[in-house]
Amino acid sequence: MKRTLYTLSALVISLINSYAQDTIITQKDTLTAKEYLPDVTVVGRNSRNDIHQLPEIVGTHIFAGKKNSLVVIENVNGNVVTNTMRQVLAKVPGIHIWESDGSGIQIGIATRGLSPNRSWDFNVRQNGYDISADPYGYPEAYYHPPLQAVQRVQIVKGAGSLQFGPQFGGMVNYVIRNGSEINKRFAFESQQTAGSFGLINSYNAIGGKGKKDHYYAFFDHRNADGWRQNSQYKTNTAYATYSYQLTDKFKVGADVLHYNMLSQQPGGLTDDQFAADAKQSFRSRNWFNMDWTMASANLDYKMNPDNIFNLKIFGLKGDRNSIGYLGNISQKDTINAATLQYNNRTVDVDRYRNLGAELRYLSNYKIGKTSNTLTLAGRYFHGNTYRYKNGKGSTGSDFSTEVLSPFPQDSKFTTTNFALSAENIFRLTKRFIIIPGIRYENIAGDVSGRLSFAANGTENKMETRNKTRDFILLAMAAEYHVGDASEIYANITQSYRPIQFADITAAPTTDVIDPNLSDANGYSADLGFRGKLKNYLFFDAGLFYLSYNNRIGTITQMRADNSTYNFKTNVGASHSKGFEGVVEFNPFLAGWFGRKLGEASVFASYSYTHARYNNFKVITKGANNNLVETNLKNKTVENAPEHILRTGINYYLKAFTLTAQLSRVSKAFSDANNTTTPNAAATTGIIPAYTVGDVSFNWKFTESFHLKGGINNVANARYFTRRAGGYPGPGLMPSDARNFFLSVGAKL
């Protein structure tokens with residue numbers, strides 16, 4: 001693996017260096033990062049564009065040479081009230097989105113053939129710290145901030161593993177407003193929204209900036225009945241942040257957030273039910289609840305303009321509760337004739353208690369007359385997950401976590417992580433830079449507790465496991481600046497996916513875990529060209545490759561007495577390769593047309609992903625009680641559509657903006673076997689291609705007041721993006737029909 005990494009790195013650098021030597025340029029004696037990309041791209045101020053490129057350096061992080069995007073939420077002309085990600089991330093090519101939750105509570109995004117399941121292949125952060133349940137053992141992001149409170153979204157694909165974590169997908173960071181952009185001591189903001197299916201949203205915030213401090217606080221409430229039957233929900237989010245400049249060198253800050261959500265889950269449908277009426281639901285007693293509290297403290301120390309430190313300490317107290325009847329969708333949730341009541345529901349409860357810290361240092365230094373940049377980081381994380389599953393719940397219909405007997409599964413999972421990382425920008429010439437990097441990871445995981453009760457009432461204990469391992473990840477990136485605002489970039493970065501909690505939890509009578517089970521590992525690479533031309537053209541186009549080895553799966557094995565068991569082990573590998581590109585062009589700003597009647601820009605974001613299994617061993621029990629082995633080599637990776645196209649047009653007339661957008665996603669398989677014909681439970685089968693159109697407008701009729709609105713799914717398409725094998729299904733999960741929203745906002 002290391003030999004491959006070194007070889008590819010050398011090849012990439014050789015090609016770019018060769019290109020650089022063939023280009024005649026005028027060099028300066030010294031060069032700083034500010035000369036490459038203008039400061040406006042940091043937050044997108046003084047610009048109406050919603051898509052930007054991250055600068056080479058932001059704070060203590062290096063983004064040079066990496067495939068990245070910066071989305072300025074204030075400039076997104078779409079439905080941010082319900083976190084409609086196909087509109088928010090329309091200009092980030094290759095983002096695959098599960099659109100099975102019209103409330104926007106559960107965001108599922110992925111890229112390059114990875115799974116969108118609660119964005120678990122991304123390192124998901126808010127204000128630079130982890131917000132998932134456990135970024136190593138259980139990386140599902142149950143919470144996402146209301147996008148009205150978000151200033152910008154930073155996305156780094158693939159190569160984000162060195163600075164942020166080992167994930168194959170990269171990093172997504174939601175940067176919440178902090179009041180620093182407000183130019184007075186006190187400001188008030190309010191946005192009130194109404195929409196289809198009983199949607200009501202109220203967002204209210206205060207903020208301000210003084211000589212040495214700034215603050216921001218908001219409260220967001222949202223509720224709706226939902227499009228489908230049995231899909232009502234409500235959310236409440238409260239947040240406050242404060243920063244103070246102690247001296248010219250020291251700045252301190254803190255933030256705290258509390259989030260509570262209750263959502264009724266309508267369950268899945270079969271394909272026939274979906275075709276007959278996608279709005280119907282056969283689960284009226286399924287509920288999902290979250291209670292999420294996060295806090296962080298932040299210290300910035302600026303020794304001098306070239307040497308800065310940042311320390312961030314963060315914690316999470318999160319509770320996840322679900323209750324429902326989780327039988328196959330073909331099994332009706334009916335009243336028991338003997339008791340004249342519904343059957344008991346199943347209760348599952350998770351408790352997450354996490355604490356972590358990251359210390360970062362960035363230094364600008366010179367070698368001769370050339371300025372270079374070094375960043376160093378250390379990270380500590382400790383997380384406890386307490387899991388209570390398969391509890392015997394009530395026979396009622398309302399939300400309740402009451403259990404009538406002890407939880408069969410009562411387990412504890414612990415993760416401890418220590419990491420060190422370093423990256424360095426070497427500016428070899430005025431135009432050409434390389435960025436080598438290294439990351440050391442130490443992960444310790446423990447599991448203990450009870451898995452179930454035997455028929456005689458005795459406990460089936462989980463096998464106590466303690467697993468510690470060390471990794472070193474290497475990376476190399478490079479940029480060649482063709483002009484002042486365009487560049488060729490390349491990178492290759494090692495990644496890995498740690499063993500998940502679910503991978504080390506096995507029923508003692510039917511399942512066995514491979515004692516040599518290892519983490520999945522691999523690498524990703526990019527080669528692209530990006531930049532802009534004045535204020536009328538923005539583009540980024542590139543090729544990518546992702547290698548995913550040691551995938552974990554389950555195969556059937558046979559004992560000496562001819563009994564069989566499920567053996568969880570590393571079963572195969574896959575790869576993804578393809579193209580990602582985005583372009584936005586305004587011919588009016590380019591001088592092609594006059595602007596008496598306004599102006600317009602067009603954009604297109606497209607990705608092609610070829611995701612295939614290199615090998616994937618499958619062993620099943622045959623008809624004659626024998627084991628049958630097959631291999632899924634060359635099968636398409638599940639949940640990996642080959643084509644994703646999002647395109648649209650923006651029309652501007654003074655303070656009025658109108659956006660029309662079209663999203664086209666090709667078909668995908670829902671399982672590794674590439675099953676085409678759906679099964680009776682609708683958990684496997686093809687996910688058909690779909691096309692969705694949206695229209696949105698924004699009218700700022702005074703300096704302080706604005707009106708926003710839009711129609712989602714204008715053509716009222718019937719489509720789905722997911723087949724769920726378990727909760728919140730099982731079954732096919734329909735996406736929302738046509739709906740509208742209208743918002744009135746004020747900033748005072």
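Surface calculation, 1.4 Å probe, protein heavy atoms: Arg722 sits at approximately 30 Å² accessible. Excluding the site residues themselves, the longest part of the chain lacking any GluC sites (Glu not before Pro) in a DSSP loop with at most 16 other Cβ atoms within 10 Å is 464-702. Ignoring the sites themselves, the chain has its longest run without chymotrypsin sites (Phe, Trp or Tyr not before Pro) in a DSSP loop having at most 15 other Cβ atoms within 10 Å at 187-591.
Restricting the trypsin sites (Lys or Arg not before Pro) of the range 191-228 to loop positions (DSSP other than H, G, I, E, B) with no more than 15 neighbouring Cβ atoms within 10 Å leaves Lys211, Lys212.
The relative contact order of the range 74-145 comes to 20 percent, based on Cα pairs under 8 Å that sit 6 or more residues apart. Rolling a 1.4 Å probe over the protein chains gives Leu114 an accessible area of about 10 Å². Annotation for the range 337-410: trypsin sites (Lys or Arg not before Pro) lying in DSSP loop with at most 13 further Cβ atoms inside 10 Å of their Cβ are Lys369. As an exercise, use a Förster radius of 56 Å and the Cβ-Cβ distance of Asn336 and His610 to find the FRET efficiency, rounded to the nearest 0.05. My answer for the efficiency is 0.65. What's the Cα-based Rg to Rh of the range 672-748, Rh via Kirkwood? Rounded to two decimals, Rg/Rh equals 1.23. Projecting the Cα atoms of Gly731, Pro587, Leu451 onto the charge dipole of the chain, computed from C-beta unit charges around the Cα centre, puts Pro587 farthest toward the positive end. In order along the range 453-462, phi translates into HN-Hα couplings of 10, 6, 4, 8, x, 6, 7, 8, 6, 6 Hz, rounded to whole numbers, per the Karplus curve 6.51 cos²θ - 1.76 cosθ + 1.60 with θ = phi - 60° and x for Gly and Pro. Computed over protein heavy atoms with a 1.4 Å probe, the carbon and sulfur contribution to the accessible area of the range 461-611 reaches 57%.
Rolling a 1.4 angstrom probe over the range 244-387 with all protein chains present gives an accessible area of which 57% lies on carbon and sulfur atoms.
Contact order, relative form, for the chain: 12 percent (alpha carbon pairs under 8 Å, 6 or more residues apart, mean separation divided by residue count).
Placing +1 on the Cβ of every Lys and Arg and -1 on the Cβ of every Asp and Glu, with no other charges, gives the range 304-421 a dipole of roughly 460 debye about its Cα centre.
With runs of 4+ DSSP H residues as the only contributors, calculate the mean residue ellipticity of the chain at 222 nm using -39,500 (n - 2.57) per run, divided by the residue total and rounded to the nearest 500. Per the formula, -1500 deg cm²/dmol. Using Cα atoms only, what is the angle between the long axis of helix 2-21 and the major principal axis of the chain, expressed in degrees (0 to 90) to the nearest 10? It is inclined by approximately 30 degrees. Across the range 405-564, the relative contact order, built from alpha-carbon pairs under 8 Å that are at least six residues apart, equals 16 percent.
Shown are Ile95, Ile335, whose ranking by accessible area with a 1.4 Å probe and every protein chain present, most to least, is Ile335, Ile95. From the residues Leu533, Asn550, Ser263, which one has its Cα farthest along the dipole of the chain in the positive direction, the dipole being from +1 and -1 charges on Cβ of Lys/Arg and Asp/Glu about the Cα centre? About the Cα centre, the residue reaching furthest to the positive side is Leu533. At 1.4 Å probe size, with no ligands or nucleic acids counted, give the accessible surface of Lys234 in Å², nearest ten. Roll a 1.4 Å probe over it and Lys234 shows about 100 Å².
Distance from the C-alpha centroid of the range 692-748 to that of the range 549-621: 25 Å, rounded to the whole angstrom.
Using just the C-alpha positions of the range 284-419 as equal point scatterers, what log10 of I(q)/I(0) does the Debye formula give at each q in 0.10, 0.20 1/Å? Once normalised to I(0) and log-transformed, intensities are -0.56, -1.12. Charges were assigned to the Cβ only: +1 to each Lys and Arg, -1 to each Asp and Glu. The resulting dipole of the chain about its Cα centre is roughly 920 debye. Taken as Cα centroids, the range 199-246 and the range 398-445 sit 27 Å apart, rounded to the nearest whole angstrom. For the pair Ser405 and Asn304, label points projected 7 Å from Cα toward Cβ lie 7.2 nm apart.
The values are calculated or read from the model by the stated rules, or taken from the named source; none is laboratory data. If you're wondering where the values come from, they're calculated on a predicted model, not measured in any experiment. In this analysis, Cβ positions are derived from the backbone assuming ideal geometry, glycine residues included, and neighbour counts consider all displayed protein chains. Areas reflect the complete protein model, heavy atoms only, side chains present, ligands, DNA and RNA absent. Shrake-Rupley method; radii C 1.70, N 1.55, O 1.52, S 1.80 Å.
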